[in-house]
Structure formats: C-alpha cells, structure tokens
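What follows is one structure encoded as structure tokens, with my remarks underneath.
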Amino acid sequence: MATCININGNIEEEAFVSVLDHGFLFGDSIYEVISTIDNKPCFLNEHLQRLRRSAEGISLKIPFADWWFCEQIKRTLEYANNQESYIRIVVTRGVGDINIDPSSCDSPCTLIFVTTAHFYPAELYKNGIHLAVVSIKRNSKDALNPGIKTGNYLNNVLAKIEADRLGAHDALMLNPFGQLTESTTSNFFFVQEGRIMTPSLDCGILAGITRDIVIRMARENGFPLEEGVWPVEALDMADEMFVTGTVKQLMPVTCLDGRIIGNGKPGDITRRLMNLYQGLLDRIE
Ligand code: PDD
C-alpha cells in the first residue's frame with residue numbers, strides 16, 4: 001500500500017514541482033478528485049470531462065488525451081497497489097517567469113497522485129456532521145467561477161478555517177447575494193416536507209458529479225426535487241440536510257449553526273438516498 005505520484009507520465013514515490021510553477025505561485029491549476037471501487041476509478045469519464053471544462057475555463061491546454069489519463073491512472077494504481085485509492089489529477093500552468101503573466105508558461109505539469117483511500121468515520125454517517133454558515137462568501141461567478149475546479153481554493157480554505165473556529169465540521173457558504181451555495185468540498189441539499197432542494201448551478205457552485213447522480217437517482221425514484229435559488233432563511237424550516245461529494249458520498253448534516261435539524265439524526269429521505277447511492281456503487285463493476 002503506497003502513495004505514488006505520476007508526474008508527466010513518470011511514476012515516483014516522491015515528486016517535486018518547481019517553485020516557478022504558476023500552480024504553486026498563483027494557484028493557476030485545475031484538479032479532480034476521483035475515488036475507486038475495487039481499486040478502479042469511479043465515474044472516470046465524468047471527471048475527465050469536467051477536467052476538460054475546467055481547462056477551458058482557465059484557457060489551459062491539457063497536453064494529454066483522455067486515453068493517456070486512463071492508461072496512466074491504471075498504471076499508477078497498479079504501481080501503488082492499494083486496496084482502494086484516492087486519485088487526484090492536477091494540471092498546472094507550468095514553469096514560467098515570476099509574474100502572473102501565463103504566456104511564459106509553455107509546458108503544463110500533469111500530476112496523477114494516488115494514495116490509499118480516505119474514508120470518513122462511520123460515526124459521522126450515523127450521526128451526521130455539523131455545518132456553520134460562514135461570513136466568507138463563495139467566490140462570485142464573475143470573479144473566479146466556482147464551476148471551474150481550479151487549484152485556487154483559498155476561498156474555501158478561509159471558509160473551513162472559520163467553520164473550525166465556530167466548532168463545526170465544515171462551512172456552508174453563501175454567494176455575494178446571500179444565496180445558498182455549497183460547502184467547502186461538497187454540494188449541499190436540504191429537505192422540506194418531503195421535497196428535496198439544492199442550489200442551482202446559477203448560484204455559483206461546482207457541478208458536482210455526486211450531486212448530478214443524486215439528482216438523477218432522486219428523480220428516478222419518485223422524490224420531488226427542485227434546483228433553485230434560496231436565501232439562508234429557507235433553511236429555518238428544513239427537516240433534513242446533507243452534502244455530497246466524491247469522497248464523502250452522501251453525508252447527513254444534523255446541526256446547522258448549533259441548531260439541531262429534525263430529530264438530530266439523519267433524516268428518512270437522506271437515509272433512503274444514501275442506500276440508493278450505495279446500491280448504485282455496489283452495482284459498478
Ligand atoms: N471536492 N463543491 C466543491 C467546492 C468541491 O470541491 C467538490 C469536490 C464538490 C463535490 O463534487 P464531486 O461530487 O464531483 O466530488 C462540490 C473534492 C472531492 C475535493 O476537493 O476533495
């Protein structure tokens with residue numbers, strides 16, 4: 001069981017990037033986090049498609065084709081030989097002059113980072129996590145669009161620091177208009193009187209792959225689901241909440257700003273969706 005880093009096609013146990021890489025200097029990079037089932041990448045096509053969209057969003061030309069990523073991920077997973085893995089693809093702008101002008105960077109750096117899978121404690125799925133609405137706003141779509149998965153996560157880092165100070169597991173962020181968006185590395189859902197609601201992409205959020213699957217799964221199973229725009233007050237009447245992400249999957253939220261949600265345990269609809277999602281993963285070969 002090991003950590004391996006594939007850097008531009010070469011597998012190393014330790015890898016280094018230049019201090020002049022604009023990914024390091026300016027957060028000028030994009031990334032994806034992928035989980036595995038039976039140590040094979042899960043929803044790889046969807047992640048590679050989003051990586052391409054992120055690249056377009058920052059005018060970065062990825063030097064490798066999708067087949068190259070598939071092959072190199074497979075190679076790196078085999079080399080690391082974990083039972084289950086956490087995969088992170090990072091493509092940086094590359095080495096350039098020490099100023100923000102990207103035109104001096106002519107060779108992007110591509111990393112495929114593989115390590116042992118990270119699992120959240122079962123107790124959190126049983127009891128739910130606590131979120132705090134933080135004062136740090138999610139980046140405006142017109143500034144650094146949260147729909148682009150860049151390596152510039154300082155906005156979310158600051159939100160996480162504030163959530164930690166407030167004694168919560170994670171932050172719930174609002175956009176500059178005070179509308180609900182997402183958590184620092186996951187999308188947000190709430191349930192009211194049997195209706196599932198989640199901020200629409202227009203609010204300035206990442207189009208989460210897990211979010212997409214949960215929306216589809218909920219609709220296919222007859223749960224009413226609405227994507228929309230809500231102020232934080234909409235949560236006053238919420239019966240259930242949960243967040244979604246590649247690593248967390250569906251994680252119940254049972255406390256917001258110190259207020260217990262529902263009966264303080266994961267709600268019925270949340271648990272049903274968690275089971276449906278697990279069933280879907282179990283069916284993946
Ligand atoms: N984060 N929102 C943000 C801001 C995210 O960073 C992520 C993913 C999500 C959920 O997206 P998905 O379902 O495609 O994983 C939502 C990854 C897991 C991370 O940075 O670790």
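Each value in this text was obtained by applying a stated rule to the coordinates, not by laboratory testing. Given the structure is predicted, the values throughout are model-derived calculations rather than measurements. So basically every Cβ, Gly included, is an ideal-geometry build from the backbone, and we count neighbours across all protein chains shown.
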Trypsin sites (Lys or Arg not before Pro) within region 54-145: which are DSSP loop residues with at most 13 other Cβ atoms inside 10 Å? LYS61
Region 80-155: relative contact order in percent, alpha carbon pairs under 8 Å with at least 6 residues between: 26
With charges set only on the Cβ (+1 for Lys and Arg, -1 for Asp and Glu), what does the dipole of the chain come to about its Cα centre, in debye to the nearest 20? 340
Please build a GNM for the chain, connecting alpha carbons under 10 Å apart, and tell me which residue among ARG219, ARG53, ARG271 fluctuates the most. ARG219
Degrees between helix 154-165 axis and first principal axis of the chain (Cα, 0 to 90, nearest 10): 50
Calculate for the chain the 222 nm mean residue ellipticity that helices alone would give, adding -39,500 (n - 2.57) per DSSP H run of length 4 or more and normalising by residue count, nearest 500 deg cm²/dmol. -8500 deg cm²/dmol
Roughly how tilted is helix 209-220, in degrees to the nearest 10 and between 0 and 90, from the longest Cα axis of the chain? 40
Compactness of the chain - radius of gyration and Dmax, Cα, Å: 19.2, 57
Using a simple charge model, +1 on the beta-carbon of Lys and Arg, -1 on the beta-carbon of Asp and Glu, nothing else, what dipole does region 1-147 show about its Cα centre, in debye to the nearest 20? 560
Dipole of the chain [Lys/Arg +1, Asp/Glu -1 at C-beta], most positive-end residue of MET274, ASN221, GLY57: ASN221
Using a 10 angstrom cutoff on alpha carbons, build the Gaussian network for the chain and name the most mobile of LEU20, LEU172, LEU111. LEU20
Helix axis angle, 66-80 relative to the chain longest principal axis, alpha carbon, degrees: 90
Using a cut-off of 14 Å between beta-carbons, work out the net charge of the residues near PRO41 (Lys and Arg +1, Asp and Glu -1, PRO41 not included). -3
Rounded Å value of the spacing that divides the Cα centres of region 78-147 and region 1-73: 10
Counting every Cα pair in region 4-116, what percent are over 22 Å apart? 30
In debye to the nearest 20, the charge dipole size for region 122-283, taken about the Cα centre with +1 at each Lys and Arg Cβ and -1 at each Asp and Glu Cβ, equals 380
